[in-house]
Number of protein chains: 2
Amino acid sequence: MKSSLKISETVVRRLPIYLRYLNELSMRNVQTVSSQELGNRLDLNPAQIRKDLAYFGEFGKKGIGYDVSYLIEKIRQILKLDQTINVALIGAGNLGVALCNYNMYQKDNMKIQAVFDNHPDKIGQTINHLTVLPLSQMHEKIRAENIRVGIITVPASEAQNVADQLVEAGIEGILNFAPTIIKVPEHIRVHYADFTADLLSLAYYLE
Amino acid sequence: MKSSLKISETVVRRLPIYLRYLNELSMRNVQTVSSQELGNRLDLNPAQIRKDLAYFGEFGKKGIGYDVSYLIEKIRQILKLDQTINVALIGAGNLGVALCNYNMYQKDNMKIQAVFDNHPDKIGQTINHLTVLPLSQMHEKIRAENIRVGIITVPASEAQNVADQLVEAGIEGILNFAPTIIKVPEHIRVHYADFTADLLSLAYYLE
């Protein structure tokens with residue numbers, strides 16, 4: 001039932017941010033947290049936070065707040081992070097290596113399980129226990145390892161080609177770091193990590 | 001007059017994406033583009049694009065479309081990219097190196113002008129013609145080079161400390177890659193390049 005509930009994109013986008021801070025609290029053995037504290041730490045309006053959490057039936061207790069571990073469990077459930085989701089990364093340049101070395105994904109059950117690159121210098125290298133494979137092995141590996149998400153960290157000029165191969169191999173979601181729009185069939189979910197746009201749009205707000 | 005016009009954040013965030021594609025068209029000597037073509041390439045609704053561009057008084061000619069180079073000039077003006085904006089990057093790990101090597105910024109007049117890191121192995125290294133400096137030199141360098149934007153690529157635990165130093169040195173905007181919320185005075189603009197949230201929120205949309 002819960003999973004059929006439609007949560008707005010903006011709220012979905014905030015859930016990992018709540019989750020990250022709740023995990024921090026949990027590691028410090030903090031058991032409850034108020035919307036006020038959450039708002040203060042995350043620079044969000046407490047009323048907004050209460051609204052977000054009420055969205056999936058979560059209500060803090062007045063004067064006590066939210067139960068941290070229960071909220072973590074609930075958000076993980078909603079984000080479907082209570083299952084392991086295998087991830088492939090394509091493009092083992094500096095950015096790709098940075099992402100592989102970033103262990104946060106593993107804690108949250110999104111796990112980079114395979115790394116691909118076509119450069120002869122890269123193939124066979126080991127990055128955080130993963131051996132870089134040529135793209136020719138991508139289709140087979142994605143199916144064999146039940147990989148559902150692809151992270152694209154190749155140059156813009158190669159991104160569409162890689163996306164096509166990911167779709168062909170049966171991937172369900174893509175996080176695209178290449179500074180270009182990729183075209184995929186409608187049932188594939190694409191998120192953009194477009195930091196050049198993040199940076200360039202910053203200029204607008206300078207005096 | 002133009003600069004006092006308030007453009008919504010969503011539109012501002014799309015402008016660099018228009019700009020990137022318009023630059024591509026310009027390099028291919030394409031002189032006009034319709035909202036239909038733009039929409040098709042950027043996976044946006046053409047009506048939305050017309051609305052965005054009308055926001056700052058830009059109207060395509062029926063049957064001809066928009067003048068590519070004029071639109072580029074206009075968007076650059078609005079984003080204030082017609083001036084050079086000097087940028088500092090703090091944290092010369094894999095991610096920091098990837099960003100320094102990424103020359104896109106330079107084309108758009110946002111230029112990484114200084115790189116800082118406190119690790120002894122990093123200090124003195126050269127990344128894309130920039131020598132990595134210790135954080136102790138940050139304040140002086142930022143003022144001397146008129147650096148207005150800081151990119152934070154240090155671990156989450158160090159991000160607030162770095163942000164405080166950037167603010168102290170007189171920075172106006174921050175692009176934060178550390179997976180944590182940073183607190184800054186209200187007049188400082190912060191954008192988040194939070195790819196762990198981009199990735200984790202993707203899970204929600206998988207079947």
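Tell me the accessible surface of residue A:13 in square angstrom (1.4 angstrom probe, heavy atoms of protein chains only), to the nearest ten.
70 Å²
What residue among A:79, A:130, A:42 has the largest mean-square fluctuation in a Gaussian network model of chain A, using Cα springs under 10 Å?
Comparing A:79, A:130, A:42 in a Gaussian network model of chain A, the most mobile one is A:42.
Treat every Asp and Glu Cβ in the range A:9-78 as -1 and every Lys and Arg Cβ as +1, leave all other atoms uncharged, and give the resulting dipole magnitude about the Cα centre to the nearest 20 debye. Kindly include the intermediate steps, with their values, before the conclusion.
Details: 11 positive and 8 negative charges, 11 e Å.
So the dipole magnitude of the range A:9-78 works out to roughly 60 debye.
Accessible area of the range A:85-198 with a 1.4 Å probe: how many percent of it is carbon plus sulfur?
Numbers: 2150 of 4700 Å².
Ligands and nucleic acids excluded, carbon and sulfur give 46 percent.
How far, in whole Å, is the nearest Cβ of chain B from the axis relating it by rotation to chain A, and which residue carries it?
Taking the axis that maps B onto A, the answer comes out as B:94, 2.
Where the accessible area of the range A:9-78 is counted over protein heavy atoms with a 1.4 Å probe, how much of it, in %, is carbon and sulfur?
Values: 1820 of 3780 Å².
Carbon and sulfur together cover 48 percent of it.
Output the Kirkwood hydrodynamic radius of the range B:50-138, Cα pairs only, in Å rounded to one decimal. Let's see the in-between values first.
Details: mean 1/r = 0.0648 Å⁻¹.
The answer is 15.4 Å.
Going by amide H atoms built from the backbone, whose H comes under 5 Å of the H on residue B:174, apart from near neighbours?
B:150, B:189, B:190, B:191
Per-residue HN-Hα couplings for the range B:21-35, Karplus 6.51 cos²θ - 1.76 cosθ + 1.60 at θ = phi - 60°, whole Hz, x for Gly and Pro?
6, 4, 4, 4, 4, 4, 5, 8, 6, 7, 9, 9, 9, 8, 4
Using the Cβ atoms and a cut-off under 11 Å, what net charge is assigned to the surroundings of residue A:91, where Lys and Arg are +1 and Asp and Glu are -1? Please report the intermediate quantities before stating the final value.
On the way: positive: A:122; negative: A:117, A:158.
Summing Lys and Arg as +1 and Asp and Glu as -1 gives -1.
Just to confirm, what accessible area per residue do you get for chain A at 1.4 Å probe, in whole Å²?
That works out to 48 Å² for each residue.
Exceeding 31 Å between C-alpha atoms, which entries from my cross-link table qualify? They are B:6/B:62; A:51/B:183; A:111/B:51; A:111/B:80.
Numbers: B:6/B:62 27 Å; A:51/B:183 23 Å; A:111/B:51 40 Å; A:111/B:80 40 Å.
Distance filter (> 31 Å) returns A:111/B:51; A:111/B:80.
Among A:86, A:124, A:162, whose Cα sits farthest toward the positive end of the charge dipole of the range A:85-198 (+1 at Cβ of Lys/Arg, -1 at Cβ of Asp/Glu, about the Cα centre)?
Of the listed residues, the answer is A:86.
At a temperature of 25 °C and a viscosity of 0.890 mPa s, determine how fast the range B:85-198 diffuses translationally according to Stokes-Einstein, using the Kirkwood radius over alpha-carbon pairs as Rh; express D in µm²/s, rounded to the nearest whole number.
177 µm²/s
Rounded to the nearest 20 Debye, what is the dipole magnitude of the protein assembly as shown about its Cα centre when Lys and Arg each give +1 and Asp and Glu each give -1 at the C-beta? Provide the component values of the computation, followed by the final result.
Details: 44 positive and 44 negative charges, 181 e Å.
Dipole magnitude for the protein assembly as shown comes out near 880 debye.
What order do B:154, B:184 take when sorted by accessible area (1.4 Å probe), most exposed first?
On the way: B:154 15, B:184 40 Å².
Listed by decreasing accessible area, they come as B:184, B:154.
If you wrap a convex hull around the alpha carbons of the protein assembly as shown, what volume per residue comes out, as a whole number of Å³?
Details: hull volume 67.1 nm³, N = 414.
Enclosed volume per residue, from the Cα hull, is 162 Å³.
How big is the A-B contact in terms of buried accessible area, both chains counted, 1.4 Å probe, rounded to the nearest 100 Å²? Mind dumping the intermediate values first?
Working: alone 12800 and 12810 Å², together 19670 Å².
The summed interface area works out to 5900 Å².
I need the phi-derived Karplus couplings for the range A:127-142: 6.51 cos²θ - 1.76 cosθ + 1.60, θ = phi - 60°, integer Hz, Gly and Pro marked x.
10, 6, 6, 10, 8, 5, 10, x, 4, 4, 8, 4, 4, 4, 5, 4
What does the structure give for B:41-53 when I average, per residue, the other chain Cβ atoms found within 10 Å of the residue Cβ? Don't skip to the end; give the middle numbers.
Numbers: counts 3, 2, 5, 1, 0, 0, 0, 0, 0, 0, 0, 0, 0.
Averaged over the peptide's residues, the number is 1.
Under the rule of at least 5 residues apart or a separate chain, name every residue whose amide H is placed under 5 Å from the amide H of residue B:112.
For residue B:112, the qualifying residues are B:87.
The values are calculated or read from the model by the stated rules, or taken from the named source; none is laboratory data. Everything numeric in this text was worked out from a predicted model, so none of it was measured. Quick reminder, even Gly has a Cβ in these numbers, built from the backbone with ideal geometry, and neighbours come from all protein chains shown. We work out accessible area using only protein heavy atoms, side chains counted, and drop any ligands, DNA or RNA first. Shrake-Rupley method; radii C 1.70, N 1.55, O 1.52, S 1.80 Å.
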